[in-house]
Amino acid sequence: MIAGCVRGAAPVEIPGRLCEVAVELLPVVGASVSLRSDGMPVQLSASSDQAAHLSEVQATLGEGPCTYAAAIGAPVLVADLASGRDAVRWPVFAQEATAAGVRAVYSLPLAQDAVCVGTIDLYRRVPGGLTAEEVRTAQLVADVMTAALVALPRGEENGYGGEEPWLSGLATDHDEVHQAVGMIMAQLGVASEEALARLRAHAFAHNRTALEVARDVVSHRERFDRDW
């Protein structure tokens, strides 16, 4: 079923289809997939608005099961975000997730040859862990996702250019963040790392995601001043 869901699909459709099949096969209500990237994870797809939002929250905060799984290259299975060790490990993300109706998160790295290229993140409404069989199923989805992403044709074969041409339009949101960081660099006269930190801090302070603020910067609805 997993391999069949992507057979004949266009490259841009594969991450979304695999997120959907993960929700069908596992006791979760949502799934998202993100690529590891300098600065912020790049969200490729999500099965629902809720999953997309929680993926963006982790990218904005720079912490959570997704970023931790990518950093250590191993699954991070969070059984309860409302109590215990995981609730205090990422307190802000835990608060955001539980407010959005999610109590458990399972993040699996997308890894090939010991190199982690991203994560698939699974969201559950009720607390609890996965059975050994469910973990194997989730890992199989992650393996197919990894193989599909690595096998995507490079953008130049389809007329695309840019720093990450092989994404072929999958990560247009990341382009907005990248553009916004460049504009903040010019507005404040700072390096890219500080510009991204300012973007994240401003988003967090105003209870927004980094992507939402980036869109306002790019559209000139938001401007960063030196005294911020």
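Specify which of the listed residues (Glu56, Glu63) is surrounded by 19 or more Cβ atoms within 10 Å (Cβ to Cβ) and more than 14 Å from Val28 (Cβ to Cβ). Even if it seems obvious, please write down each step before you answer.
Working: Glu63 fails: surrounded by 19 or more Cβ atoms within 10 Å (Cβ to Cβ).
Exactly one residue qualifies, and that residue is Glu56.
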*asked:* Under 6 Å between Cβ atoms, which residue pairs at least 6 apart in sequence (or on different chains) link something in the stretch 184-195 that is farther than 18 Å from Arg215 by Cβ with a partner that is open to solvent by less than 50 Å² (accessible area, probe 1.4 Å)?
replied: Leu188/Phe224; Ser192/Val181
*Which condition number in (1) at pLDDT 85 or above; (2) part of a loop (DSSP other than H, G, I, E, B); (3) within 21 Å of the chain's Cα centre (by Cα); (4) among the acidic types (Asp, Glu) is the one that Asp216 fails?*
(2)
*Go through the stretch 106-122 residue by residue and tally those that are surrounded by 18 or more Cβ atoms within 10 Å (Cβ to Cβ) and more than 20 Å from Met40 (Cα to Cα).*
0
*Within the stretch 209-221, track down each residue that is open to solvent by less than 70 Å² (accessible area, probe 1.4 Å) and in contact (Cβ under 8 Å) with a residue 12 or more places away in the chain.*
Thr209, Ala210, Leu211, Val213, Ala214, Val217, Val218
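From Gln43, Gln95, Gln50, grab the single residue that is surrounded by fewer than 23 Cβ atoms within 10 Å (Cβ to Cβ) and either at pLDDT 95 or above or under 23 Å from Val12 (Cβ atoms) (or both). Steps first, please.
Details: Gln43 fails: surrounded by fewer than 23 Cβ atoms within 10 Å (Cβ to Cβ); Gln95 fails: either at pLDDT 95 or above or under 23 Å from Val12 (Cβ atoms) (or both).
That would be Gln50, the only listed residue that is surrounded by fewer than 23 Cβ atoms within 10 Å (Cβ to Cβ) and either at pLDDT 95 or above or under 23 Å from Val12 (Cβ atoms) (or both).
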_Quick check on the stretch 66-87. Is at least one of its residues closer than 16 Å to Ala142 by Cα, of a type in the set (Val, Ile, Thr) and touching a Gly at 6+ places or on another chain (Cβ under 8 Å)?_
no
*Would you be able to say whether some residue in the stretch 112-124 is at pLDDT 90 or above and more than 12 Å from the chain's Cα centre (by Cα)?*
yes
_Breaking point among (1) open to solvent by less than 60 Å² (accessible area, probe 1.4 Å); (2) among the small types (Gly, Ala, Ser); (3) at pLDDT 85 or above, for Ser192_ = (3)
_The conditions are (1) within 13 Å of Met145 (Cα to Cα); (2) at pLDDT below 85; (3) surrounded by fewer than 19 Cβ atoms within 10 Å (Cβ to Cβ), and Gly8 fails exactly one of them. Which is it?_
(1)
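The values are calculated or read from the model by the stated rules, or taken from the named source; none is laboratory data. The shown structure was predicted, so the numbers you read here are calculated from the model rather than taken from an experiment. Here Cβ is always computed from backbone atoms with ideal geometry, including for glycine, and neighbour counts include all displayed protein chains. Each accessible area value is taken on the protein alone, full model and side chains, heavy atoms only, with ligands, DNA and RNA left out. Shrake-Rupley method; radii C 1.70, N 1.55, O 1.52, S 1.80 Å.
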